[in-house]
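Chemist: Sharing a structure below in structure tokens format, with a few things to ask.
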Amino acid sequence: MRIFVIANQKGGVGKTTTAINLGTALAAAGERALIVDLDPQGNASTGLGIDRESRKTSAYEVLTGREPLASAIHETALPRLFVIPSTLDLLGVELEIASRPDRAFCLKNALSGFAQAQAGKAVEERISYVLIDCPPSLSLLTMNALAAASNVVVPLQCEFFALEGLSQLLSTIEEVRSTLNPGLSIHGVVLTMFDSRNTLASQVVADVRGFLGDKVYETVIPRNVRVSEAPSHGKPVLLYDLKCSGSQAYLRLASEVLRREVLGSAA
């Protein structure tokens with residue numbers, strides 16, 4: 001079971017959109033994907049069609065140890081795609097777990113127990129990818145995600161100000177690697193909301209590729225109105241409009257992620 005965290009402390013860069021649609025594309029490619037919504041706003045849950053009334057068991061119960069992780073899993077409209085929803089209760093979870101010695105490992109412990117239970121299932125019934133959607137801050141929730149994950153996917157909006165927070169995020173990842181999770185690595189940076197008509201956007205792409213090299217995915221997610229519309233219908237864009245440029249980009253991104261996984265395994 002591979003655990004990816006979708007993280008960037010800057011808001012509005014496409015974290016939730018990437019979590020939803022990368023998970024959907026992985027499921028469409030035959031993987032069993034689980035999205036863990038760790039943002040109290042619950043946008044990933046809403047974007048996958050999970051209404052608030054049905055979120056009886058959520059990430060809050062998992063982090064506080066009230067319920068095992070498996071009991072919080074909800075099915076979505078797409079086969080092989082599942083979600084652990086978020087509720088506003090997550091706003092208070094940091095205070096609730098702050099005094100615990102394992103406060104940064106609550107999610108990791110829950111996922112470890114889940115992985116052990118998965119090992120007893122048939123291969124086709126096991127979750128192969130977990131994608132954790134984080135809030136736009138370097139909070140205890142985000143630290144729990146970084147401590148639990150094997151890889152980080154960093155969505156980066158194609159605008160100048162997005163670059164300012166990148167070095168801070170990279171230093172945070174390095175700090176987590178040295179203190180909480182030595183196995184953490186950056187799987188890739190995905191450039192989002194790209195507008196080919198904007199010269200600055202192309203310059204940002206060139207600058208990021210020059211700075212991070214092959215850590216940047218080849219796939220660039222375009223600015224696309226269908227991607228923005230899909231969450232209001234409670235659907236990933238791949239279910240809302242498969243043929244639009246945004247859907248096709250996320251399918252290419254999933255293919256690239258899987259290709260990197262194969263190359264990583266071979267190495």
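Taken together, the values in this text are just the output of simple stated rules run on the coordinates, not laboratory data. This is a predicted model, so every value here is computed, not measured. Cβ atoms come from the backbone with ideal geometry, glycine included; neighbour counts cover every protein chain shown.
Chemist: If you place +1 on the Cβ of every Lys and Arg, -1 on the Cβ of every Asp and Glu, and leave all else neutral, what size is the dipole of region 55-125 about its Cα centre, to the nearest 20 Debye?
Modeler: Details: 8 positive and 9 negative charges, 10 e Å.
Result for region 55-125 is approximately 40 debye, rounded to the nearest 20.
Chemist: Given springs between every Cα pair under 10 Å in a Gaussian network model of the chain, which of ARG209, ARG197, ARG32 has the largest fluctuation?
Modeler: Greatest mean-square fluctuation among the candidates belongs to ARG197.
Chemist: Using just the Cα positions, wrap the chain in a convex hull and report its mean projected area in square nanometres, one decimal place. Could the numbers behind the result be given before it?
Modeler: Values: hull surface 54.2 nm².
One quarter of the hull surface, i.e. the mean projection, equals 13.5 nm².
Chemist: Turning to a different aspect of this structure: Give me the lysines in straight-line cross-link reach of LYS10: C-alpha distance below 20 Å, same-chain residues under 8 apart excluded.
Modeler: Cross-link targets: LYS215.
Chemist: For region 112-267, place one equal point scatterer on every Cα, skip the solvent, and apply the Debye formula. What is log10 of I(q)/I(0) at q = 0.09, 0.18 Å⁻¹?
Modeler: Evaluating at q = 0.09, 0.18 Å⁻¹ gives log10 I(q)/I(0) of -0.35, -1.35.
Chemist: What is the Cα convex hull volume of region 21-134 when expressed per residue in Å³? List each step's numbers first, then the result.
Modeler: Values: hull volume 10.5 nm³, N = 114.
In region 21-134, the Cα hull volume divided by residue count equals 92 Å³.
Chemist: Give, rounded to the nearest 20 debye, the magnitude of the charge dipole that the chain has about its Cα centre when Lys and Arg contribute +1 at Cβ and Asp and Glu contribute -1 at Cβ. Walk me through the numbers before you get to the answer.
Modeler: Values: 25 positive and 27 negative charges, 83 e Å.
Result for the chain is approximately 400 debye, rounded to the nearest 20.
Chemist: So, with +1 on the Cβ of K and R and -1 on the Cβ of D and E, and no other charges, what is the size of the charge dipole of region 89-163 about its Cα centre, to the nearest 20 debye? Could the numbers behind the result be given before it?
Modeler: Working: 5 positive and 8 negative charges, 56 e Å.
It works out to roughly 260 debye.
Chemist: Send over the Kirkwood Rh of region 131-199, from the inverse of the averaged 1/r over different Cα pairs, rounded to one decimal Å. Could the numbers behind the result be given before it?
Modeler: Values: mean 1/r = 0.0770 Å⁻¹.
Radius from the Kirkwood sum: 13.0 Å.
Chemist: How much of the DSSP bridge set in region 2-266 is antiparallel, in percent, rounded to the nearest 5? The partial results should precede the final answer.
Modeler: Working: 2 of 29 bridges.
The antiparallel proportion sits near 5 percent.
Chemist: Sticking with this structure for a sec: Once the principal axes of the Cα atoms of region 195-251 are found, what is the range along each, listed largest first in whole angstroms?
Modeler: 37, 23, 17
Chemist: I need the peptides 170-181, 45-56 ranked by packing, meaning the mean over residues of other C-beta atoms within 10 angstrom, with the highest value on top.
Modeler: Working: 170-181: 15.2, 45-56: 18.3.
So the order, starting with the most tightly packed, is 45-56, 170-181.
Chemist: Let me ask something additional. Can you list residues whose amide H is under 5 Å from ILE35's amide H, if they're 5+ apart or on another chain and H is modeled 1.01 Å from N?
Modeler: The answer is PHE82, VAL83, ILE84, LEU131.
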